[in-house]
Each structure stands twice: as C-alpha cells, then as structure tokens.
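The values are calculated or read from the model by the stated rules, or taken from the named source; none is laboratory data. Just so you know, these numbers come straight off a predicted model, no measurement behind them. Note that each Cβ is placed from the backbone with ideal geometry, even for glycine, and that neighbours are counted across all protein chains shown. Surface accessibility is based on the protein's heavy atoms, side chains included, excluding ligands, DNA and RNA. Shrake-Rupley method; radii C 1.70, N 1.55, O 1.52, S 1.80 Å.
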Amino acid sequence: MRAEDETLVNATRQGRYRCRRPGHRPAGAAARGAWRPAALLLVCALACACARPAAAQALGRDWPSERPPRALTPRDITFPPYQVQTLPNGLQVVAVLHHEQPAVSMRLLVRTGSAADPKGKLGLDHLLASLLDQGTAARSAQEVNDAIDFIGGAVNTGAGSDLTYINMVVMKDSFETGMRMLDEMTEHPAFSPEEIDRQRQQIASGLRVSLEDPEYLADAVFDRLVYGAHPYGLPDNGMPESLGGVTRADLLAFHEKYFVPNNAILAIVGDVTADEAFTTARAVFGHWASRDVPRERFLAPPASARRVIVVDKPDAVQTEVRVGHIGIPRNHPDYMPLNLAVRILGGEGSNRLHQVLRTERGLTYGAQAKMDTLKDSGDIEAETNTRTDATGEVLRLIVDEFWRLQRERVSDGELAAAKAYMTGSFPLTIETPDAIAAQVLNVVFFGLPLEELQTFRDRVNTVTVDDIERVARFYLKPDAVSVVLVGNAAAFTPQLRRIGFNRYETVTLDNLDLLAVDFKKTAPGGGAGRLGRTPLRNRAVADRGAGAVIRIARYQPPPAAPAPPPTRGAALTAKALLDDVIAAKGGLAAMRALKTIVATSAATMSTPTGPVESKTTTYLEYPNRVRVETTMPQGTQTQVYDGTHGWVRDPFGLHEVPELGLREMEASLRRDTVSALLAAARGDLQARLLPDVVDADGHPRHALELSGPSFDPLVLQIEPDTHLIAKQTYTVHAPGEPTIEEVFSDYRPVNGITVAFLAEVRTGGRSVVQRRLGTIQTNTSIDPQLFTRPVP
C-alpha cells in the first residue's frame with residue numbers, strides 16, 4: 001500500500017507485504033482437568049458447555065503440530081562501534097564501523113513524509129521521492145544511472161508517512177564518489193517535466209490496479225477508520241486525481257521547504273574509519289545551507305470507537321478481514337511490552353490468531369496481528385482472509401482473542417516463545433552494512449538512544465507476564481475495534497447480526513471514496529465531506545513556536561445509521577450512568593445494608609447429550625463467603641468458598657479447589673452486581689462509558705465498563721429507559737475460554753433491591769444455562785458451619 005524503505009524497521013507503516021495465498025469436551029472439573037465454578041448469587045452456571053466440537057478436538061490431536069521448532073540458544077552478539085556528530089549546518093551524521101565487507105552503505109533520511117503533503121496534493125512527497133534518482137541539475141536520468149552502474153553501486157529512494165530517504169551502497173574505493181552523487185541527488189534533483197509525467201503515470205497506473213485489490217482496499221479503509229482526519233489515515237501514494245494536480249512548482253516548493261541539513265540524518269556504515277566518514281561528510285555536505293523548518297502539527301487521531309465498514313465486491317470468493325484500533329508511537333515507553341503482547345496475539349513466536357483460525361478451525365491459510373508505530377501515533381491491527389461463508393465466525397474469533405489477551409494472563413511459555421523469536425532474529429538485522437544502517441536510522445529518527453541497539457536483548461528479556469497483562473488491559477480496546485470487511489457483502493452480512501455486529505456501513509466498490517468520511521462518493525460538488533489538509537486559521541495555539549504550521553482536516557462525523565442508539569445528551573457521563581444504574585438497583589443505602597442472601601432456583605443446562613435440569617440453593621454472605629448446593633440427576637454437588645479456601649463435595653468425594661479455581665471464585669464474587677456497583681461507587685473500580693450497542697432486535701442500550709487492579713473488565717449493557725442491567729459480559733481466567741454473557745430479565749423488587757428472576761448464561765455465542773429464580777431471602781441468618789470445610 002505504501003512505498004517505504006522495507007528495511008527501515010518500523011519507521012513507517014509500510015511493509016504491508018503479506019504471503020497469504022490463500023470430540024466433546026465434557027463438563028466438570030474432573031473431565032476438564034481444571035476448576036469450573038458456578039456463577040454466583042442469582043445466576044447458576046454449573047455446567048460447562050462443549051468448548052470445541054469433537055471434530056475440532058480430534059483435528060488438533062491427529063494433525064502434525066504446526067508449532068515452530070524450539071529456539072536455539074542465543075549466541076553472543078556485539079553491535080559494531082559507532083560515533084555520532086552534528087555538522088555546523090545541523091546535519092546529524094552517524095558513523096558505524098563494520099569491516100567484514102569492503103562496502104559502505106550511505107543512507108540519507110529527511111524528516112518529512114507524505115503526512116506533510118499539501119491540501120489537494122496527496123501523493124506529492126511519494127512522487128518527489130521517486131524522482132530523486134531520475135536526474136539532477138547536472139545529469140539526466142540515464143547519466144545518473146550510468147554513473148552509479150560504473151562504480152558498481154546501487155541506489156533506491158522512497159517516502160513514508162514521516163520520512164523521505166535516499167539509500168546508496170558502494171564499494172569502499174568509491175566511497176567519496178558515492179557520497180558526492182548522494183549529495184547531488186539530495187540537493188539538486190532535476191524534476192524534469194518528462195520524468196514527472198512518466199513517474200506520475202506509473203504511480204497512477206499502479207494505484208488504479210490497487211483500487212481493485214481487496215488487500216489494498218482493506219488496509220486503506222482500515223487506516224482511515226483508525227486515524228480519521230489525521231494524515232496517517234490518508235493514502236501515502238495519493239489518488240490518481242490528486243497526483244494529476246501536482247506540478248513541478250509544487251515539487252520545487254516542497255523540496256526547498258523540507259530538504260535542508262538540519263532536517264536530515266546521514267548514516268554511514270561499512271568499511272571506513274570514523275575519521276574518514278566524518279571528514280568526507282563535512283567535505284561533501286558542509287556547504288549545504290540550513291534553514292528554519294516549519295513544525296507540522298496535526299489533530300490527534302480520534303479515540304477508538306466501534307465502527308464496521310463493509311466494502312461490497314460481489315465477485316469475491318473470500319473476505320479480507322481487518323480488526324484493530326489506535327496504538328502508540330514508536331518512542332512510547334511501553335513500546336517493548338506492547339510489542340510483545342501483540343506478537344503473542346498474532347506475531348512471530350506465538351500467534352494465537354494463527355493457532356485458533358488455522359490450526360484449530362481451518363478457516364484461513366494464515367492470520368497475524370501487528371503493531372505499526374509511527375512518529376505521532378500508531379495502530380494495532382489483526383488481519384487475515386477467509387472464505388465468504390466463514391466471515392462472521394472469523395470476525396468473532398478475532399475479537400474474542402483481543403478480549404482474551406486483555407482479560408487473561410498469558411503463559412510463561414507464550415511470552416518466552418515471543419521473546420526467543422525477537423532476540424534470536426535480531427542478529428539477522430545487523431549482518432550487513434545496509435541492515436545496520438537501517439537499524440541506526442530507525443533509532444536516531446525516533447530520538448531514541450543508540451545504546452538501545454546494544455541492549456536490545458536485555459530490554460526484551462526484562463518484560464514480564466505482569467507487564468503484558470498491564471499493557472493489554474490498558475491499550476487493547478476489544479469493545480471499540482474498527483472492522484473492515486472486503487468481499488461479497490450479500491453472502492456474509494447476515495452473519496454479522498448473529499455475532500453481535502448489528503450496525504455496519506456498506507459501500508459498493510464502484511462507489512468507494514477513500515477520502516470521504518462515509519467512504520462514499522458524493523453527488524454534486526464532489527468535495528463535501530472529503531478529508532483535506534488546511535492550515536488552522538484564527539485560533540490561538542499554545543507553544544506554536546516560530547514558523548510553526550498547524551494543519552487541520554475537516555472531519556464530519558458519519559451520518560447516523562438506521563436504528564440509532566438513544567441520544568445521550570451532553571450531560572451523560574460514566575459517573576451519571578453509574579448513578580442511574582445504582583438507583584435502579586435500589587440505591588446505595590439498600591445495597592450497603594445487604595449482608596446475606598439465601599436463594600433457590602431451577603436451571604436448565606445445555607449439554608451434548610441433551611438438556612439437564614438442576615435445582616440450586618445459594619447461600620451468600622457479603623463480602624466473600626458463598627455456598628452453592630446443586631442437585632442434578634447424577635447426584636448433589638456442593639461448592640464452598642470461605643474467603644480464603646475453597647472445596648467441593650460431590651458423589652466422588654471431597655476435593656480442594658485448585659489455585660485457578662480460587663481465583664475464579666474470587667472474581668465471581670467481585671462480579672456480583674451488588675459488589676461491583678458498590679466498588680465502583682467507592683472508586684475501587686473505574687467506570688468507563690463505552691459506545692452504545694444495539695441488540696439483535698435493533699434495541700439500543702448504553703454500555704458501561706467496570707475495571708480495576710486485578711479485576712477483569714466487566715461490561716454492563718443497560719436499558720436506557722429503566723437503567724436496569726440487561727446483560728453483562730466478561731472473560732474467565734481458564735485458558736481458551738470465550739467471552740461469557742449473562743442476560744437478565746423479569747426484574748422484581750425484593751426488600752428494596754431489584755432482582756432479575758430470569759437469567760441466561762451464554763458462552764461462545766451459545767446458551768449454556770437458563771436459570772429461573774424461585775425464592776429469595778435477604779439479611780437472614782446463615783449458619784457459619786455452612787462455610788466450614790467438613791472432615792474427610
């Protein structure tokens with residue numbers, strides 16, 4: 001999609017080159033080998049539904065393993081010696097001494113890219129970069145190429161979102177000659193009219209082909225969704241019509257504005273001494289005059305919000321899928337742990353997405369997730385393609401994996417595998433002068449200390465499971481993902497409603513406009529609602545500085561879709577909605593006065609052999625003691641948690657609850673509606689207002705997330721008229737478990753507390769338990785012996 005230096009590690013968002021040609025698990029602790037607790041208080045979820053069909057389990061058992069081989073023991077590596085100097089004209093020069101080959105790599109990077117393209121001139125910088133080696137003031141394009149060939153050199157140029165570059169590699173005996181040619185192309189490009197027309201036609205022709213390519217379209221629409229009006233969301237290469245408006249005068253003005261030594265970095269890596277490198281740099285580039293460079297400022301990308309764009313390509317037999325949201329810039333202090341977290345989600349070394357989508361389900365040839373990090377921002381993106389009839393299932397599984405990574409601690413093995421890949425592959429990135437130059441420029445460009453290259457392995461290995469858990473909970477937004485689906489819309493959109501994506505926007509391929517807010521070509525006028533880059537006028541801006549230029553895009557929110565959510569009004573905040581929910585539940589005073597609950601209920605549990613009826617009595621003593629007695633056809637089971645320990649008695653005997661089960665018991669007690677609301681009112685849990693959701697019947701609801709330290713996020717869906725909780729979703733700690741949904745209805749008042757007498761538990765989109773409350777008593781005395789572990 002974007003023409004970037006593919007060896008400049010993570011410097012820009014380019015590098016999107018992919019190779020993607022495209023038995024029953026019984027319920028119960030004994031069968032699963034792991035504790036599965038009952039849902040507490042008024043929801044009985046004692047039966048665990050089949051998490052994977054028998055065929056899928058057999059498939060995972062019988063097929064050869066697709067896991068990568070175990071990493072080899074890391075060998076010691078030493079980064080070559082280097083020195084850094086800044087010339088009097090402001091040019092930063094980095095010399096890295098590498099004498100293994102008689103070659104020198106010279107990379108000159110200018111700190112401006114396609115993000116600085118003027119309004120109406122998208123693609124200007126990309127076009128400019130393609131012309132840098134196509135003739136100079138003293139030589140034609142053919143003469144430049146002949147001169148480079150004569151010395152056995154190689155040159156390439158390009159542009160990214162934040163940078164423009166010229167790279168040259170020569171043999172050592174042509175070092176100074178190569179440097180002078182590099183200077184000539186940098187300072188004095190010809191921009192001849194015939195070369196401008198030729199390059200423009202080539203780029204425009206490639207764009208027209210790309211605009212028919214589902215992969216390109218999915219990436220381009222995803223960028224627009226995530227970055228909104230920020231220039232990162234616009235096509236780096238421009239559009240055919242915008243390229244047609246770029247003139248030679250535009251190219252000269254852009255070059256004069258940004259191509260100055262104090263806005264550039266030169267990396268010299270290879271078979272030279274530091275003295276040779278700096279002496280030659282001063283001799284060749286010392287005359288280059290410095291000038292003030294305007295600092296570009298842009299509106300920040302929008303906050304993550306759930307939005308689904310479907311690009312209809314009726315002749316497609318598969319669907320391109322993109323799921324993700326805004327991320328962090330490259331120089332962010334959490335870059336390393338978040339990078340590892342995303343690698344566990346879908347990168348080299350672990351890749352949960354590939355494991356689930358390909359190895360277990362056979363839904364795709366490959367899936368990955370990556371974190372693009374730029375100068376001002378970044379994004380986190382999962383991507384794959386699949387057959388049309390599996391689109392909904394693939395989308396649901398991807399979002400589930402985002403939730404699982406956020407709510408469930410990763411294993412030591414997963415983290416170790418991701419670390420091993422990163423540390424093991426690092427030596428490959430510094431084997432040649434060209435590769436070393438790329439690494440050096442990457443660090444210097446983002447203002448990072450060069451020592452980071454020497455300490456890379458140490459910085460990777462210091463990341464812990466706690467670090468992964470922290471960044472996953474803070475930065476991942478599975479409830480606010482941007483989703484792009486490119487394929488045969490008529491064949492897969494009916495699946496979206498079934499997986500909870502009830503609102504989506506569809507645009508046909510022939511009506512797609514990547515610059516329009518709603519992605520649709522406008523009627524008369526052609527430009528209303530399209531994104532552009534305009535200077536900020538008549539607005540005071542703090543810390544603008546001399547020569548600062550601030551650019552702002554005209555961004556209009558998308559038109560309302562059918563069945564819009566209720567109007568919140570400016571006054572509705574997370575705190576206001578929380579107060580409404582507490583009031584609907586009965587109020588703080590009534591909830592604080594609630595000390596005990598004794599309730600009976602009947603439940604129907606779905607199992608592979610058919611429905612199973614059960615009767616349950618629950619004894620709950622706030623804040624943290626519970627006893628659940630369940631009678632089923634095969635016998636009676638009692639589960640008890642006394643605040644510290646847990647035990648189970650069933651027809652097979654007396655069992656201790658393992659550590660994982662204790663954690664889930666504690667989590668279940670904290671998820672209890674009364675406990676969670678009181679904790680949020682005290683400030684122990686943070687309440688966050690989420691985008692409104694629409695249920696399968698088109699009924700809108702408010703959404704509120706409660707989260708906190710050691711508390712997995714609990715998302716409440718709230719009826720806008722009554723403020724009663726209609727549904728809550730969460731993920732349990734057990735590895736591989738999907739999101740749990742509890743649906744509540746038939747609310748009745750019980751001694752000042754509003755209680756749901758009907759509840760349904762769903763997992764993996766299927767109903768597993770339906771519970772009907774019988775009797776309920778509050779603040780009644782409970783015998784302490786009920787919570788005492790019996791003698792075996």
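Applying the selection to the stretch 444-477, what residues are over 14 Å from Leu340 (Cα atoms), crowded, with 19+ Cβ neighbours inside 10 Å and either among the charged types (D, E, K, R) or under 23 Å from the mean Cα position of the chain (by Cα) (or both)? Correct list: Phe446, Lys477. Counting the residues of the stretch 601-622 that are at pLDDT below 90 and either farther than 16 Å from Asp650 by Cβ or surrounded by 19 or more Cβ atoms within 10 Å (Cβ to Cβ) (or both) gives 7. Listed by first and then second residue, the pairs linking a residue in the stretch 773-788 that is at positive phi to a residue that is among the basic types (Lys, Arg) and part of a loop (DSSP other than H, G, I, E, B), with Cβ atoms under 8 Å apart and 6 or more places separating them unless they lie on different chains, are Asn779/Lys595.
For the stretch 260-282, filtering for residues that are within 30 Å of Asp117 (Cβ to Cβ) and open to solvent by 10 Å² or more (accessible area, probe 1.4 Å) leaves 2. Of the strands (runs of 3 or more DSSP E) lying entirely inside the stretch 92-163, those containing at least 1 residues that are charged (D, E, K, R) are 103-110. Residue count for the stretch 309-319 under the criterion of being part of a strand (DSSP E or B) and open to solvent by 10 Å² or more (accessible area, probe 1.4 Å): the result is 2.
For the condition more than 21 Å from Tyr730 (Cα to Cα), of a type outside the set (A, V, I, L, M, F, W, C) and open to solvent by 40 Å² or more (accessible area, probe 1.4 Å), Lys419 does not qualify. Quick one: in the stretch 374-391, which of the residues that are surrounded by fewer than 24 Cβ atoms within 10 Å (Cβ to Cβ) and farther than 24 Å from Val311 by Cα is nearest to the chain's Cα centre (by Cα)? Among residues in the stretch 374-391 that are surrounded by fewer than 24 Cβ atoms within 10 Å (Cβ to Cβ) and farther than 24 Å from Val311 by Cα, the one nearest to the chain's Cα centre (by Cα) is Ser377. Restricting attention to the stretch 283-298 and to residues that are open to solvent by 80 Å² or more (accessible area, probe 1.4 Å) and closer than 29 Å to Tyr232 by Cα, the residue that is nearest to the chain's Cα centre (by Cα) turns out to be Arg295.
Can you spot a residue in the stretch 334-341 that is touching an Asp or Glu at 6+ places or on another chain (Cβ under 6 Å), open to solvent by less than 20 Å² (accessible area, probe 1.4 Å) and within 21 Å of Leu485 (Cβ to Cβ)? No, the stretch 334-341 contains no residue that is touching an Asp or Glu at 6+ places or on another chain (Cβ under 6 Å), open to solvent by less than 20 Å² (accessible area, probe 1.4 Å) and within 21 Å of Leu485 (Cβ to Cβ). Scanning the stretch 747-772 for residues that are modelled with pLDDT of 90 or more and either of a type in the set (Val, Ile, Thr) or touching a Lys or Arg at 6+ places or on another chain (Cβ under 9 Å) (or both) yields Val750, Ile753, Thr754, Val755, Ala756, Phe757, Leu758, Ala759, Glu760, Val761, Val769. On inspection, Phe278 does not qualify as part of a helix (DSSP H, G or I) and either among the hydroxyl-bearing types (Ser, Thr, Tyr) or touching a Ser or Thr at 6+ places or on another chain (Cβ under 8 Å) (or both).
Screening Ala253 on (1) modelled with pLDDT of 95 or more; (2) touching a Ser or Thr at 6+ places or on another chain (Cβ under 6 Å) shows it passes everything except condition (2). Taking residues in the stretch 315-329 that are farther than 15 Å from Gly233 by Cβ and among the small types (Gly, Ala, Ser), and partners anywhere that are open to solvent by less than 10 Å² (accessible area, probe 1.4 Å) and assigned to a strand (DSSP E or B), the pairs with Cβ atoms closer than 6 Å and at least 6 places apart or on different chains are Ala316/Gly487. Among the residues that make up the stretch 138-145, is at least one of them among the hydroxyl-bearing types (Ser, Thr, Tyr) and surrounded by 16 or more Cβ atoms within 10 Å (Cβ to Cβ)? No, the stretch 138-145 contains no residue that is among the hydroxyl-bearing types (Ser, Thr, Tyr) and surrounded by 16 or more Cβ atoms within 10 Å (Cβ to Cβ). Scanning the stretch 494-514 for residues that are open to solvent by 40 Å² or more (accessible area, probe 1.4 Å), more than 21 Å from Tyr216 (Cβ to Cβ) and under 25 Å from the mean Cα position of the chain (by Cα) turns up Arg497, Arg498, Ile499, Arg503. Checking each residue in the stretch 376-406 for being more than 19 Å from Ala480 (Cβ to Cβ), in contact with a helix residue (DSSP H, G or I) (Cβ under 8 Å, 6 or more places away or on another chain) and not aliphatic (A, V, I, L, M) picks out Asp376, Thr384, Asn385, Thr386, Thr388, Asp389, Thr391, Gly392, Glu393. When the criteria are applied in full, Ala726 meets the requirement of being of a type in the set (Gly, Ala, Ser) and either open to solvent by less than 10 Å² (accessible area, probe 1.4 Å) or more than 31 Å from the chain's Cα centre (by Cα) (or both). Number of residues in the stretch 635-658 that are within 21 Å of Ala676 (Cα to Cα), open to solvent by less than 40 Å² (accessible area, probe 1.4 Å) and under 39 Å from the mean Cα position of the chain (by Cα) equals 2. The lone criterion from (1) touching a strand residue (DSSP E or B) at 6+ places or on another chain (Cβ under 8 Å); (2) of a type outside the set (Ser, Thr, Tyr); (3) open to solvent by less than 60 Å² (accessible area, probe 1.4 Å); (4) assigned to a helix (DSSP H, G or I) left unmet by Ala490 is number (3).
Among the residues of the stretch 624-634, is there at least one that is farther than 22 Å from Val768 by Cα, surrounded by 17 or more Cβ atoms within 10 Å (Cβ to Cβ) and touching a Ser or Thr at 6+ places or on another chain (Cβ under 6 Å)? Checked the stretch 624-634: no residue is farther than 22 Å from Val768 by Cα, surrounded by 17 or more Cβ atoms within 10 Å (Cβ to Cβ) and touching a Ser or Thr at 6+ places or on another chain (Cβ under 6 Å).
Among the residues of the stretch 342-362, not one is among the aliphatic types (A, V, I, L, M) and surrounded by fewer than 18 Cβ atoms within 10 Å (Cβ to Cβ). If you go through the stretch 759-776 and keep only what is surrounded by 15 or more Cβ atoms within 10 Å (Cβ to Cβ) and in a strand (DSSP E or B), you end up with Ala759, Glu760, Val761, Arg762, Thr763, Ser767, Val768, Val769, Gln770, Arg771, Leu773, Ile776. Considered as a group, the residues in the stretch 780-791 that are surrounded by 13 or more Cβ atoms within 10 Å (Cβ to Cβ) and assigned to a loop (DSSP other than H, G, I, E, B) include one that is modelled with the lowest pLDDT, and that residue is Arg789. Residues that are in contact with a strand residue (DSSP E or B) (Cβ under 8 Å, 6 or more places away or on another chain) and either of a type in the set (A, V, I, L, M) or surrounded by fewer than 17 Cβ atoms within 10 Å (Cβ to Cβ) (or both) within the stretch 659-672 comprise Leu662, Met665, Ala667, Leu669, listed in sequence order.
Does Arg625 satisfy the condition of being among the basic types (Lys, Arg), in contact with a Gly (Cβ under 7 Å, 6 or more places away or on another chain) and more than 23 Å from Gln406 (Cα to Cα)? Answer is yes for this residue.
Taking the stretch 405-420 as the range and being within 16 Å of Leu338 (Cβ to Cβ), of a type outside the set (A, V, I, L, M, F, W, C) and either at pLDDT 90 or above or not in a helix (DSSP H, G or I) (or both) as the test, the residues that pass are Arg409, Glu414, Lys419.
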